[in-house]
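Just below is one structure, and these are the notes that go with it.
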Amino acid sequence: MKRFWAIALTSLVVLSGCHSFKKENVEPPTPLAKDFKPTINVTRLWKSSLGDGAAATGVRMRPAFSDGVIYAASTDGKIGAFDAASGKKLWDKSTRIHGWFGWGDKKRPDALFSGGPAASGDLLVVGTLDGHLYGMSAKDGSRRWDAELSSEVITAPVIVGDLVVVRTNDGRIYGVDAASGERRWAYDQSSVPLLSLRGNGRLLVANGVVFLGTDGGKLVALRLDNGEKLWEQTLSSGEGRTEIDRLSDADGAIVLDGSTLYGAAYHGQMVAVDGPSGRPLWNHAFSTFTSLDVHENSVLGADDQSVLYAFDKSGGANIWKQDALKYRWVTGPAVQGNYAVVGDAEGYVHWISTTDGKISARERLSKKAIRAQPLVVGDTVYVEDVEGHIGAYRIATP
């Protein structure tokens, strides 16, 4: 089991790109231009909050969308639903609070929700830091079933028909019955590094296949019906003189565009892979611990120093580079229209032109870090910070 992780995404080693924990070696964030003038008009539609968000756990809490509703959860045991258009809270629940062994002053929530929820139809599912997966009613949050897993769940599950696919932090993937929570299959990686970054990339499920990036720097394809491995490709070789040098986690989401997959890893490369066969199409040196996104002819990503890039989808050539947000520890980009949206460690949200990489707008959600990739639904982007504040933004039409 992966019981040791090198560093949370907020810790000094990862965020500095340095190989030392010394504070003086941490690069300061690039200051934001005080004379910045936006070239597009961004409107905040609403702002709300739920619980304590991810708090100090280092996980990326991301809201989920289904049927006009935004769902969110927090590590202090709260889960709730908001009207996606207005932000009106539709319902919220707190898990039962009790003392240790049923008595005493120390209290905790029953469920330490983590990684963000998933919703489809009338089913809402969310994992916990103590290795459980809960199935709930999407209408009111009432609990339907509880599946016990092997380790903490720090990324959102995926609901596909009558199956819930969930990843645990010890490298296992489970297929769970959506109606009962009964385990149907499990995939166990042959080995998981003892030293690893704090994070797991979201699962991608398409065409009967589960795609994921591993802590060992692999891109893996599994059959959805039984969890059997179909193929794997290397995103990072894990080579280097020190344990930190050999970190090779693929902690960002895998992106599918047509039949081509795009993935990247820390201390590794960005790789384009033919989805059906697993055949590599091209690769480009690129180190990241966040998710990618695609727009028209480009693949967008932020490297391990928070420099943003656009690469040509057909061959990996560099289209543009934006370093004005360097060391601001931005999230993975999410495409909203013709712009890439990222959040940063000081609570700012930035809109970057996908055409030339210029920063086009800036808003501030809060003064707290934003770690999870923004969620784009139609013409609206939803952003959540580490303390559970959620904002909805739209680009105004000319």
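The values are calculated or read from the model by the stated rules, or taken from the named source; none is laboratory data. Quantities reported herein were computed from a predicted structural model and do not represent experimental measurements. In this analysis, Cβ positions are derived from the backbone assuming ideal geometry, glycine residues included, and neighbour counts consider all displayed protein chains. Accessible surface areas use protein heavy atoms only, side chains included; no ligands, DNA or RNA. Shrake-Rupley method; radii C 1.70, N 1.55, O 1.52, S 1.80 Å.
In region 162-179, how many residues are surrounded by fewer than 24 Cβ atoms within 10 Å (Cβ to Cβ) and more than 13 Å from Val125 (Cβ to Cβ)?
5
Looking only at residues that are assigned to a loop (DSSP other than H, G, I, E, B) and under 14 Å from the mean Cα position of the chain (by Cα) in region 242-265, which one is modelled with the highest pLDDT?
Pass one, region 242-265, residues assigned to a loop (DSSP other than H, G, I, E, B): 242-254, 258-259, 264.
Keeping just the survivors that are under 14 Å from the mean Cα position of the chain (by Cα) gives 249-254, 264.
On the way: Asp249: 54, Ala250: 55, Asp251: 69, Gly252: 72, Ala253: 83, Ile254: 89, Ala264: 86.
Residue satisfying both the conditions and the ranking: Ile254.
Check region 39-61 and report whether any residue there is among the acidic types (Asp, Glu) and either at pLDDT 95 or above or touching a helix residue (DSSP H, G or I) at 6+ places or on another chain (Cβ under 7 Å) (or both). Outline the logic, then answer.
Initial filter on region 39-61 (among the acidic types (Asp, Glu)): 52.
Applying the additional criterion that residues be either at pLDDT 95 or above or touching a helix residue (DSSP H, G or I) at 6+ places or on another chain (Cβ under 7 Å) (or both) yields none.
No: zero hits.
Among the listed residues Gly227, Gly201, identify the single one that is small (Gly, Ala, Ser), part of a loop (DSSP other than H, G, I, E, B) and modelled with pLDDT of 95 or more. Can you show your working first?
Values: Gly201 fails: modelled with pLDDT of 95 or more.
Sole residue among the options that is small (Gly, Ala, Ser), part of a loop (DSSP other than H, G, I, E, B) and modelled with pLDDT of 95 or more: Gly227.
Got a number for residues in region 308-323 being crowded, with 18+ Cβ neighbours inside 10 Å, under 24 Å from Glu346 (Cα atoms) and not aromatic (Phe, Trp, Tyr)?
Adding up the residues that qualify gives 3.
Report those strands (runs of 3 or more DSSP E) wholly inside region 266-360 carrying at least 2 residues which are modelled with pLDDT under 95. Can you show your working first?
Details: elements: 269-274, 280-285, 293-295, 298-302, 308-312, 318-322, 334-336, 339-343, 348-353.
Correct list: 269-274, 280-285.
Condition test on Gly208, is it more than 22 Å from Ser277 (Cβ to Cβ), of a type in the set (Gly, Ala, Ser), in contact with a Leu (Cβ under 7 Å, 6 or more places away or on another chain) and at pLDDT 95 or above? I'd like the intermediate steps shown before the answer.
Values: more than 22 Å from Ser277 (Cβ to Cβ): no; of a type in the set (Gly, Ala, Ser): yes; in contact with a Leu (Cβ under 7 Å, 6 or more places away or on another chain): yes; at pLDDT 95 or above: yes.
So Gly208 fails the test.
Could you please let me know if Ala111 is in contact (Cβ under 8 Å) with a residue 12 or more places away in the chain, within 12 Å of Ile79 (Cα to Cα), of a type in the set (Gly, Ala, Ser) and in a strand (DSSP E or B)?
no
Take the residues of region 76-96 that are in a loop (DSSP other than H, G, I, E, B) and open to solvent by 50 Å² or more (accessible area, probe 1.4 Å): which is modelled with the lowest pLDDT? It would help to see each step written out before you state the result.
Residues of region 76-96 in a loop (DSSP other than H, G, I, E, B): 76-77, 84-88, 95-96.
Narrowing the set further to residues that are open to solvent by 50 Å² or more (accessible area, probe 1.4 Å) leaves 85-86, 88, 96.
Numbers: Ala85: 98, Ser86: 98, Lys88: 98, Arg96: 62.
The selected residue is Arg96.
So, in region 354-398, how many residues would count as being in contact (Cβ under 8 Å) with a residue 60 or more places away in the chain, of a type in the set (Ser, Thr, Tyr) and closer than 19 Å to Leu325 by Cβ?
Of the residues in that region, 2 qualify.
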